[in-house]
Amino acid sequence: MYRTILLAAALMAASSMNLYASGVEEELEALTRIVDQGGYGFSVGNTSVMRLSPEERSLMRGFIPPSAEMWKSLPKFRTSGADIDDPVFDWRSGGYVTGVRNQGPCGSCWAFASIGQLESHIIINDGVVFDLSEQHVIDCNIYGSDCGGGNTQAAYHLLRTNGAVLESCIPYTATDGNTCGQDACLSVALISAGMAVNNDIASIKEALLSGPVYSAVRTHALFDAYDGGCYDYDDNLHEPDHAVLIVGWDDTACGGSGAWICKNSWGTGWGIDGFFYIKYGVSWIGWYATQISYHPIVEIVYPSGGETLNIGDLVNIEWTTGNVEPDSVRIILEYNDMSPVQTVLATGLTGTNLYVWEVPELYVEDASIEIISFLGDGIRGSDRSGGFDISLGNTVRQNYPNPFSETTTISYSLTQAGKVRITIFDSNGHLVRVVEEKTREPGSYTVEWDGRSEDGSVVSSGVYFCRIEAGTKDTTKKIVLLK
């Protein structure tokens, strides 16, 4: 109660001083008294926003809450209810959040938060950094949202139907009334949906695991001057007026009460290089939270990792593409021996999601496939498989290129110790010879059949079959013996 009285008195004093008309220094003194008397966990300072006029500051608030009907129509982000134990999670670690932008005197925060969200999802899924155009969203949305304000409804609809374009194609002007120029630009990314996230800590955390989350917040003169610490001023008496991007959480912040880590669009001269920490639940943070559904531009289906591919096998390398079809695809084989080695298997592939690859004689235990997609003049995305082995496997090879040789080489491999039995049968299923029968340690082996039967006599030309029982594998191969 005492804290509330102090705060009310400080706010009345600030109002009576006519903060915005008294100069930055006087305003900061009043705001500092509010922070000190309220016992808040953040500091205020002469930020870049504080040096703007009152009119310019007011123009930077552009979040308009969606109608109840529109909000209810959004699909809901489905949570699993799983416990999340990490006390700190931050998408900035590893470079998954693009640089802080400055929206200027235009209420386009709703566009900046939406575009920043998509930029992060592209990095997370495709491994490439794009500077996407916020002005495109302002100029081309069908809802009339602009510098006067908007919300995710306008941004997400455009990102679903046309997709995002690059900043270089439609540069930011912080103005309204421009002609939509998207027809002259390449669409580089689309989303599948925008989903409403329940406003509770567990739901927002789970949504964050797939990428940054868009959220509303209520701002104040204290927010304009914020330059560090835990923003814990709770203005819940007025509707939210600003849109930001939640990029992580810190349960240890705010004296252990926990905070969301957020990206603002007021430039790096505000806050902590453009970011801020805000206590869970204060000033409408978490309200109207939304997550997008975004599919990688290229994703390897097979080999995904953990497989053992046999030399000489024909393997279908398969992948899927996202909502934007790449211009072409390149496939690279990488393997480690003494040092990483890369081999281009195919390049310039178009109109296909499959490539048939004959596994070469490499005998390596740490190989991977990388698929790179191209769009326009550059790399659009890439994906790398997990590691897989290339081994001799169970194969039958007659000496090549001489097809009349009577010697046939039989190769097999074991991943664990076990019995091996290799037998030759004729086309009628009669046993011709037991070539090998023993217990082997893990490894790769070869044995030769010299074209003789069990009694040592030379067999005639014809079709024969080799059965290889090695560990848990049981395969039969055809042999054409010519003499």
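The values are calculated or read from the model by the stated rules, or taken from the named source; none is laboratory data. Since the model is a prediction, treat every value here as computed from it, not as a measurement. Neighbour counts run over all protein chains shown; Cβ positions are idealised from the backbone, glycine included. Each accessible area value is taken on the protein alone, full model and side chains, heavy atoms only, with ligands, DNA and RNA left out. Shrake-Rupley method; radii C 1.70, N 1.55, O 1.52, S 1.80 Å.
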Report summary line: With every protein chain kept in place and a 1.4 Å probe, the residues Ser53, Ser461, Ser413, Ser427 fall, from largest accessible area down, as Ser427, Ser461, Ser53, Ser413
Report task. Calculate the all-directions average of the projected area of the stretch 103-189's alpha-carbon convex hull, and give it in nm². Result -> 5.0 nm²
Query - q = 0.15, 0.22 Å⁻¹: log10 I(q)/I(0) that the Debye formula gives for the stretch 56-171, counting C-alpha atoms only - result: -0.77, -1.28
Report summary line: Here the cysteines of the chain lacking a cysteine partner under 4.7 Å (Cβ to Cβ) are Cys109, Cys262, Cys466
Query - Stokes-Einstein diffusion coefficient of the stretch 239-375, Kirkwood radius over Cα pairs, 4 °C, 1.567 mPa s, in µm²/s - result: 67 µm²/s
Requested in this report: Using a 1.4 Å probe and counting only protein heavy atoms, arrange Ile331, Ile311 so the residue with the most accessible area comes first.
Outcome: Ile311, Ile331
Report task. In nm, give the distance between the simple-model label positions of Glu454 and Ala68, each being 7 Å from the Cα along the Cα-to-Cβ direction. Result -> 8.7 nm
Report summary line: Under the 7 Å Cα-to-Cβ spin-label approximation, Val129 and Asp227 lie apart by a distance in nanometres of 2.7 nm
**Report entry** Per-residue SASA entry for Arg218, accessible area with 1.4 Å probe, Å² rounded to 10
**Finding:** 50 Å²
Query raised in the report: Using alpha carbon coordinates only, what is the Rg to Rh ratio of the stretch 135-253, with Rh defined as the Kirkwood radius?
Result: 1.00
Query - Neighbourhood net charge (9 Å Cβ-Cβ; Lys/Arg +1, Asp/Glu -1) for Met195 - result: +2
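Could you work out what % of the accessible surface of the chain is carbon and sulfur, using a 1.4 angstrom probe and leaving DNA, RNA and ligands out of the count?
50 percent
For the chain, what does -39500 (n - 2.57) per DSSP helix run (n ≥ 4), summed and divided by total residues, give at 222 nm, in deg cm²/dmol to the nearest 500?
On the way: 9 runs with 89 residues, N = 483.
Mean residue ellipticity at 222 nm (helix-derived): -5500 deg cm²/dmol.
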Query - Centroid-to-centroid separation of the stretch 28-96 and the stretch 314-349 [C-alpha atoms, Å] - result: 42 Å
Query raised in the report: Tell me which lysines have Cα within less than 29 Å of Lys263's Cα, excluding those fewer than 8 residues away on the same chain?
Result: Lys72, Lys76, Lys205, Lys279
**Report entry** Ser368 accessible area, 1.4 Å probe, all protein chains in place, Å² to nearest 10
**Finding:** 10 Å²
Query raised in the report: Applying 1/(1 + (r/R0)^6) with R0 = 35 Å to the Cβ-Cβ distance of Asp176 and Asp234, what FRET efficiency is obtained, to the nearest 0.05?
Result: 0.60
**Report entry** Net charge dipole size for the chain [Lys, Arg +1 and Asp, Glu -1 on Cβ; Debye, nearest 20]
**Finding:** 960 debye
**Report entry** Per principal axis, descending, Cα span of the stretch 76-117 in whole Å
**Finding:** 42, 28, 14
Query raised in the report: In nm, to one decimal, how far is the modelled label at Val301 from the one at Thr343, with both set 7 Å along Cα→Cβ?
Result: 2.5 nm
Query raised in the report: If you count, for each residue, the other Cβ atoms within 10 Å and average over each peptide, how do 300-306, 131-137 line up from highest to lowest?
Result: 131-137, 300-306
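Can you tell me the alpha carbon radius of gyration of the chain divided by the globular rule-of-thumb value 2.2 N^0.38 Å? Please list the in-between numbers first.
Details: Rg = 32.3 Å, N = 483, 2.2 N^0.38 = 23.0 Å.
The chain yields a ratio of 1.40.
Compute the length gained on full extension between Ile142 and Ala202: take 0.36 nm times their separation in residues and subtract their Cα-Cα distance, giving the result in nm to one decimal.
Values: separation 60, 0.36 × 60 = 21.60 nm, distance 3.38 nm.
Here the segment from Ile142 to Ala202 would lengthen by 18.2 nm.
Which order do Val434, Val315 take by accessible area at a 1.4 Å probe, largest first? Could the numbers behind the result be given before it?
Details: Val434 35, Val315 10 Å².
My answer, sorted largest first, is Val434, Val315.
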Requested in this report: Hey, can you find the accessible area per residue of the chain for me, probe 1.4 Å, expressed in square angstrom?
Outcome: 45 Å²
**Report entry** Cβ-based net charge around Ser93, under 14 Å, with every Lys or Arg adding one and every Asp or Glu removing one
**Finding:** -1
Report summary line: Any lysines whose Cα falls less than 24 Å from that of Lys438, other than same-chain ones fewer than 8 residues away, would be Lys419, Lys473, Lys477, Lys478
Query raised in the report: Ignoring ligands and nucleic acids, what accessible area does Phe276 show with a 1.4 Å probe (Å², nearest 10)?
Result: 0 Å²
